[in-house]
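Structure record follows, encoded as structure tokens.
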Amino acid sequence: MDDLKQDYQQLADHLEEVSHLSGVMGVLHWDQEVIMPSGGGGARAHQLATLSGVIHEKSTDTKVGETIRKLAHAGSPQFSEVEWRNIQEAQRDFERETKVPKSLVQEIAELSSRGHEVWVKARQENSFKDFAPVLSKFIDLKKQYAHHIDPNTPEYEVNLDDFERGATIEQLDPLFEGLKAELIPLIKQIAESDHKPDGSILEGKFPIEKQEALGKQISTDMGFCFDQGRMDVAVHPFCGGGHPTDVRITTRYRDDDFIESLYAVIHETGHGLYEQGRPKEWGNLPVAESLTMGIHESQSLFWERMIAQSKSFARRYQPLFSETFPNPLKRVSADALFRAINISKPSFIRVEADEVTYPLHVILRYEIEKGLFDGSMAVDDLPEIWNGKMKKYLGICPPSDAKGVLQDVHWSSGLFGYFPSYTLGAMYACQFFQALKLQIPNVEELVERGDFATIRAWLRDNIHSKGRLYSTSELVQQVTGQPLSADVFIRYLNEKYSEIYQLN
Ligand code: ZN
């Protein structure tokens, strides 16, 4: 028994060490995106590569493997729930790190950096055929990768599991089919509506220092703790940092549009609140980490869409907006503001899509990835397949591959199975919000008063503080009383957009 305790302590020490190194990596990444002089790029790449080599070496140490095997073999009754989760997480990570041959890991890493360069050029020159060989090679390597990890599971699913643990094709297919069946007609109805919101009411000039102050104010109102966090500028907004006590969010500014930047702040603050709300009492161990990418995205989208795109939020902040930017906001009513920030319109580019059309962008990619992995689609046919699906799902056809199949960075670095987590996140967010409304019926009133403490505490108690104690499906069941379902999300979109676009 004492022996086991000692072994567990040894494992915990090792895991904390890895966590500290990962924290250093997080700060270096943030530095690279936010303040590093451009000349430092080469040296930084070496520093990051060396550091990840050290982490990999530590994580694949055979002594650690032996300890994990011993602890896992002893069985869950010997440990607390938290300890047991740490052992299981360590076991999974160790297996994933050691099952794939080093040569394959290297080949994937090399193709990632070369693939990115090829993709940038191919997109610039609108030439899919230049990128196609990289894509074919990646599918081949990622299939081999999957085979090493779990030869009994479809290769795509193993890749999916890297981003959204526990998600399966069997689970995603019906969810996404359900969304397609309802959203395609809804998008068509919205496009044909004669009652379109007027987006031009938000056009004007918005000094950047005022935008920054407004973003900080709203982030603070939401409960982001600036003693344990920062907000800066980066080309692509993200949430990073090195620890729950050092969370760094970023946004970017345009002086002709304040909504884009503000909603990026709100989105990243949602991610940041999840990080700041992680269970610190469990130490720097896997059980205290955020759960999955989909759950992380649910936290950002919860605030961005469920809260900040609501009528009550528009009522709360219209006065502050109009005080900050009297021209043009003085003339904009809360209701017109609500409608203007909820315009839905099919577009070619995923990252610019609204909450109704976004899921179709994801489903299109999911279907293509699945098809490439199971062999039912060929890389060379992708531009045609892409454009056909765009036409069918969104009613529009991209004018070029640069605005179509070549638009995303993900495939150029071999990230297959990443996209579904965006839409799973939107669905989780919606289902969490419906559960919150059942437990706290006056939530809209709270938002209108700017009282976010109750909502934040609910998220913290139910989601943030749980870390990795439960699987995603267990968590969703616990918080909402039912498994993830497409119905809740569909009902929400139908109701909201039927009102805005006055659909029958
Ligand atoms: Zn996000």
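The values are calculated or read from the model by the stated rules, or taken from the named source; none is laboratory data. Since the model is a prediction, treat every value here as computed from it, not as a measurement. FYI the Cβ positions are ideal-geometry reconstructions off the backbone, even for glycines, and counts take in every protein chain you see.
Picking from residues in the range 98-127 that are part of a helix (DSSP H, G or I) and farther than 18 Å from Leu415 by Cβ, the one that is modelled with the lowest pLDDT is Lys102.
Among the conditions (1) loosely packed, with under 15 Cβ neighbours inside 10 Å; (2) within 21 Å of the chain's Cα centre (by Cα); (3) of a type outside the set (A, V, I, L, M, F, W, C), the only one that Arg165 does not satisfy is (1).
In the condition set (1) on the phi > 0 side of the Ramachandran plot; (2) at pLDDT below 95, Gly223 is compliant with all but (2). Number of residues in the range 232-264 that are part of a helix (DSSP H, G or I), crowded, with 21+ Cβ neighbours inside 10 Å and away from the ligand (no atom under 14 Å from the Cβ) equals 2. As for the range 184-205, it holds no residue that is at negative phi, crowded, with 16+ Cβ neighbours inside 10 Å and of a type in the set (D, E, K, R).
Yes or no: Lys311 in the same structural domain as Arg230 (by TED's automatic domain parsing) and modelled with pLDDT under 95? Against the criterion (in the same structural domain as Arg230 (by TED's automatic domain parsing) and modelled with pLDDT under 95), Lys311 does not qualify. Applying the set (1) more than 15 Å from the chain's Cα centre (by Cα); (2) at negative phi to Gly283 leaves exactly one unmet item: (2). The selection criterion, being more than 16 Å from the ligand (Cβ to nearest atom), surrounded by 23 or more Cβ atoms within 10 Å (Cβ to Cβ) and either hydrophobic (A, V, I, L, M, F, W, C) or free of Cβ contacts under 8 Å to residues at least 40 places away in the same chain (or both), does not hold for Phe226.
Elements of the type helices (runs of 4 or more DSSP H) sitting completely within the range 265-382 and holding at least 2 residues that are of a type in the set (Gly, Ala, Ser) and either within 16 Å of the ligand (Cβ to nearest atom) or buried (at least 22 other Cβ atoms within 10 Å of the Cβ) (or both): these cover 293-301. Of the candidates Val332, Val356, Val351, the single residue that is among the aliphatic types (A, V, I, L, M), within 23 Å of Gly270 (Cβ to Cβ) and touching a residue at least 40 places away in the same chain (Cβ under 8 Å) is Val356.
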